[in-house]
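J.: The structure follows.
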Amino acid sequence: MEKEDRALLSFMNSNLSLEERVEDLFSRLTLEEKFKLSSGRLMWYTRKIKRLGIDSFAMYDGPHGVRPDYEGKNPCTYFPSAICRAATWDPELSEQFGIAIAEEVRELGAHMILAPGINIQRTPMCGRTFEYQTEDPYLNKELVVAVVKGIQSQRIAACVKHFACNNQETNRFTVSSEVSERALEEIYFPAFKAAVQDADAWSFMSCYNKLNGIYGSENYYLLRETLMNKWGFRGFVVSDWNATAFTATEGCIKAGLSLEMPTRNVYKIKKMEKALDEEPDNLKFLNDNVRRLLRVMFLVGLFDDKSLVPKGSRNTPEHQMLARKIAQNGIVLLKNENKLLPIKLSEIRNIAVLGPNKDLKTSLNGGSSQNFPPYEITALEGLKEKCKNKVKIINSPSDSDVSILFVGLNHEEYMDAEHVDKKSFKLPIDQVKLINKTVTENPNTIVVLISGSPISMVDWIEKVPAVIQAWYAGMEGGRAIADVIFGDVNPSGKLPITFPKELSDSPAHKSTKTYPGDEKVYYDEGIFVGYRHFDTKHIEPLFPFGYGLSYTQFTYENIKLNKEKLMRDGLLDVSIDLTNSGTVEGSEIVQLYISDPISSVNRPLKELKGFRKVKLEPSEKTQVKFQIKTEDLAFFDENSSEWKIEEGKFKVMIGSSSVDIHLESEFEYIDKEN
Ligand code: BGC
């Protein structure tokens, strides 16, 4: 058909409703064309159907910036890794990040970004901890909703991954995550569910692993029943790359896998024909899968005039500034004895800068989240820019006023990388020696960790007066680190994951059955993941979830609840007064936790149910307000397979971390309508 004739077909008419257009195009497809649309081509594309003018739908990695190829032919902005973005606790920054990556995808002429990755950080050993956001379902949910909304505001599809329970890289193609229904509902599902119900995510990526014995791509319970029927997902599911290697055609069709990537395997034409011959009912599932893909093709504007879709832009100064801002807000100050930080350039003559990570470029390697930015400022380059003509940079700690040591991990195998988990919970031994040696030569030593997951610090933390967790902070990372070190930025990041003292303190590390498992890995800790475990078992972490210092102090006072009793479906207002009681401007992330002290089931001692980021001038005071909804009190009851709230007293706690609780109050829940 000629282009001019195609333009007259109903599905090309952008004045028709989305569903009318989907139905019209769908009704024109032959069975063979449906098969063709179900699997990918050349790594990042769907197959074209020239007859109907269906162009390739193009999708690129990844979660920290767009990577359209592996040669760096098309450089893109490299943003801080997801754990750093999560440490900002700032949904607005996450939304801006979403907009920016979508603009870059759009500029490249593609339609979907293979991000965000939101698997729960169950163990600090997972090779992809840096690529995921947090251990906490509430924080995870608030951030994913913002990212997805940002991306899709540009008519680019977000692809939320990896659904579900891909919480380790060891044996990821074969292992079955054995997880209770309650843990799925309370810990592993909430962010995925919110991505659908609060942000209308247009695509999900199925996981490599099995969930309770069945691979993600053919898991009927996970995809068809939960994601589609229960949550109301209207988009399409794409397999992780080669995740269909061990699955069956019929299972994938039935479960709702629309698109197999990167190429044909279970969706080879012969196999699909056979699946339909054997069970004619499978056609109705296939039709649904195809409609879902078409729907998203329309949503991103594949059939619309170019003037109707956003234009897009790449590598703009605005995107680079945003990368720096996220890093500035995500860097976490872990320790600062005797106010060693910030360093005042006017008060020193020289700084010794050491450590293997001072020159590290963190964009390269790491697996599918790898990036090729037009430039990347290393930690040393960032320091040099600030110190130029003011302070000398040397390499001998004993001759220096202050020493800064850049250590940590990198994206080599067994560090923070895809495919494999970390081999060790400790820093490489050479680095531990270097820290001890440096601090002996100069007690004024600052350790900056460039790494994407918790590591053990017990061998050296007591001796070192100041520690900064700088993560993998993106292409402007070096500048952001220098901004924090010299006080141009007052740190406000808070840990989105617990840092344990010992790996054995961590809930997944009770036995080889619970990590890494073999054919199966048993999530025996249930809902007691992260701080829920440390709190309840009274294990002191090295640094708790939600923790991070500032160059100023904040005073928490005056908790007020607007009522003593909360009725079913009601709302409860909570407020506190927060004062910046220090001498410099700063931002605090105020956290609200809830606990149900008496319950028929085991519940965590506290669960995050709200947070606010507040910026205050010195001596400034403000009222910080929260609203508690009754659903914030619920747990998942496995007997009835429903969420349940029990009557009685609840505690509300306000803190600067999950351990540093400053204010507490109580209210009663009554299971009657207002
Ligand atoms: C990763 C995905 C990624 C895909 C495409 C897989 O190995 O698990 O996160 O999007 O490759 O590169």
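J.: Scan region 62-76 and report the pairs whose first residue is closer than 17 Å to Arg324 by Cα and whose second residue is among the β-branched types (Val, Ile, Thr) and away from the ligand (no atom under 15 Å from the Cβ), with Cβ atoms within less than 6 Å and a gap of 6+ or a chain change.
T.: Listed pairs, sorted by first residue: Gly65/Thr77.
The rows are residues; the columns are (1) out of contact with any helix residue (DSSP H, G or I) (no Cβ under 7 Å at 6 or more places or on another chain); (2) under 22 Å from Leu108 (Cβ atoms); (3) without any contact (Cβ under 8 Å) to a residue 12 or more places away in the chain.
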| position | (1), (2), (3) |
| --- | --- |
| Gly330 | no, no, no |
| Leu334 | yes, no, no |
| Ile343 | no, no, no |
| Val353 | no, no, no |
| Asp359 | no, no, no |
| Gly367 | yes, yes, no |
| Glu376 | yes, yes, no |
| Asn389 | yes, no, yes |
| Ile394 | yes, no, no |
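J.: Say whether the condition of being more than 17 Å from Met59 (Cβ to Cβ), hydrophobic (A, V, I, L, M, F, W, C) and in a helix (DSSP H, G or I) is met by at least one residue in region 104-127.
T.: no
J.: State all residues of region 587-600 that are in contact (Cβ under 8 Å) with a residue 60 or more places away in the chain and either within 13 Å of Gly655 (Cα to Cα) or not in a strand (DSSP E or B) (or both); if no residue qualifies, say none.
T.: Here is the first cut: in region 587-600, the residues in contact (Cβ under 8 Å) with a residue 60 or more places away in the chain are 587-593.
Residues satisfying the conditions are Glu588, Ile589, Val590, Gln591, Leu592, Tyr593.
J.: Under the condition of being crowded, with 22+ Cβ neighbours inside 10 Å and outside any loop (DSSP other than H, G, I, E, B), which residue from region 229-252 is farthest from the chain's Cα centre (by Cα)?
T.: In the first step, residues of region 229-252 are kept if they are crowded, with 22+ Cβ neighbours inside 10 Å; the result is 233, 235-240, 243-244, 247, 249, 252.
Within this subset, residues satisfying the condition of being outside any loop (DSSP other than H, G, I, E, B) are 236-239, 249, 252.
Values: Phe236: 20, Val237: 19, Val238: 19, Ser239: 19, Thr249: 31, Cys252: 27 Å.
Selected residue: Thr249.
J.: So, one more: Kindly provide the set of residues from region 269-286 that are part of a loop (DSSP other than H, G, I, E, B) and either touching a residue at least 12 places away in the same chain (Cβ under 8 Å) or crowded, with 17+ Cβ neighbours inside 10 Å (or both), ordered by number.
T.: Quick first cut of region 269-286, residues part of a loop (DSSP other than H, G, I, E, B) only: 279-281.
Once the filter is applied, which keeps residues that are part of a loop (DSSP other than H, G, I, E, B) and either touching a residue at least 12 places away in the same chain (Cβ under 8 Å) or crowded, with 17+ Cβ neighbours inside 10 Å (or both), region 269-286 yields only Glu279.
J.: Right, next: Give the residue that is surrounded by the most Cβ atoms within 10 Å (Cβ to Cβ), with candidates limited to residues of region 253-265 that are of a type outside the set (S, T, N, Q) and within 16 Å of the ligand (Cβ to nearest atom).
T.: Going residue by residue through region 253-265, those that are of a type outside the set (S, T, N, Q) are 253-257, 259-262, 264.
So of that shortlist, the ones also within 16 Å of the ligand (Cβ to nearest atom) come out as 257, 259-262.
Numbers: Leu257: 32, Leu259: 24, Glu260: 25, Met261: 24, Pro262: 17.
Once the filter is applied, the top-ranked residue is Leu257.
J.: Still on this model: Show the residue pairs that are 6+ apart or on different chains and have beta-carbon atoms under 7 Å apart, the first residue being within region 38-50 and more than 19 Å from Val105 (Cα to Cα), the second being part of a loop (DSSP other than H, G, I, E, B) and within 13 Å of the ligand (Cβ to nearest atom).
T.: Filtered contacts from region 38-50: Ser39/Thr263.
J.: Report those helices (runs of 4 or more DSSP H) wholly inside region 1-103 carrying at least 3 residues which are buried (at least 16 other Cβ atoms within 10 Å of the Cβ) and modelled with pLDDT of 95 or more. Even if it seems obvious, please write down each step before you answer.
T.: Numbers: elements: 3-6, 18-28, 31-37, 82-86.
The helices (runs of 4 or more DSSP H) meeting that bar are 18-28, 31-37, 82-86.
Let's see how each residue does on (1) closer than 22 Å to Asp632 by Cα; (2) within 16 Å of the ligand (Cβ to nearest atom):
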residue: Ser180; (1), (2): yes, no
residue: Glu186; (1), (2): yes, no
residue: Asp198; (1), (2): yes, no
residue: Trp202; (1), (2): no, yes
residue: Tyr221; (1), (2): no, no
residue: Ala248; (1), (2): no, no
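J.: Please count how many residues of region 490-523 are buried (at least 22 other Cβ atoms within 10 Å of the Cβ) and either part of a loop (DSSP other than H, G, I, E, B) or without any contact (Cβ under 8 Å) to a residue 40 or more places away in the chain (or both).
T.: 14
The values are calculated or read from the model by the stated rules, or taken from the named source; none is laboratory data. Keep in mind that this is a model prediction, so the values were computed, not measured. Counting neighbours? That spans all protein chains shown, and the Cβs are built from the backbone with ideal geometry, glycine included.
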